[in-house]
Amino acid sequence: MKQVNGRNQAISLIDHDECSNGTGTFPLIITRNSLDGVIQLKQTFTLNAGERGLDVKMDIKNISASPLVYVWVNRYFDADVDSAPSNEWERTGDSVWGKNPADLTRGLMLTAAPSNSITTWPSLSGYSSWDPSNAAGPQYARQCSSSGWGLMTGDMVGTMQAYLPGLAAGQTKSVTLRYRRV
C-alpha cells in the first residue's frame, strides 16, 4: 500500500509478471510493476535447505518521478497445517506462526530477517476477514492492515507488515522475510 498526500491506495493490479531461471528453480525471481506506474516489486525466492525454509527478499522500487512518503508492504500466509483449516496461532515481536492443535510439533512460521532500516510487525487476521473474495468482510488482503495480535485458535492468516519510510524517486528498499517449519 502506498500513501500519498494522506490518501491510501492499494496496489493490487499488476501489468506484467516476469520469472527468471524458469518455473521451479531457485533462486526464483519475479518482477512486477503496479498498473499506475508507481511501484516495482521484485521478489527473490531462495531455498534455505539448512534451515528448512524459504527466504523471500522483496525489493520495492519507486519508479515514479515523485517521492513516496509512506510505503507499507504486507506478506500473508494461510498455514492450514496438515490440511487442518483451524490452527493454533502465536506471535512474537518479529514472527507469526500457526501449528496444528492436534500435534503442536508441526507448523509454519513467517519471520523478518534482521534490519536496521525496516520496521516489521507480525499480526493475525481471521480468514474470512482477510479473504479478498468475501464482499461482506473487511478484505484485509486488499489493504495493509490486519486484525489480531495475541494467541488465537481458528482459521487464521498470519501477516507480516513492513514499513519502508520515505522512498525517493528511483530509490529501492528491501525487506527479507523467512518462511520456516516449526
Conditions first: (1) touching a Leu at 6+ places or on another chain (Cβ under 9 Å); (2) among the polar types (S, T, N, Q); (3) buried (at least 18 other Cβ atoms within 10 Å of the Cβ). S123 passes all but one, so which condition is the exception?
(1)
Do we find a residue being modelled with pLDDT of 85 or more, within 25 Å of P114 (Cα to Cα) and assigned to a loop (DSSP other than H, G, I, E, B) anywhere in the range 1-19?
no
Quick one: count up the residues across the range 70-89 that are of a type in the set (A, V, I, L, M) and under 10 Å from M156 (Cβ atoms).
1
Inside the range 83-125, counting only strands (runs of 3 or more DSSP E) that do not spill past its ends, which hold 3 or more residues that are under 23 Å from P165 (Cβ atoms) and touching a Ser or Thr at 6+ places or on another chain (Cβ under 8 Å)?
103-112
With (1) in a strand (DSSP E or B); (2) of a type in the set (A, V, I, L, M, F, W, C); (3) at pLDDT 85 or above as the list, and A65 as the residue in question, which single condition is left unmet?
(1)
Hits in the range 82-122 - residues which are farther than 30 Å from I60 by Cα and free of Cβ contacts under 8 Å to residues at least 24 places away in the same chain:
S83, A84, N100, A102, D103, L104, T105
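The values are calculated or read from the model by the stated rules, or taken from the named source; none is laboratory data. Only a predicted model underlies this, so the values are computations on that prediction, with no experimental measurement involved. Cβ sites come from the backbone with ideal geometry, for glycine too, and all protein chains shown count toward neighbours.
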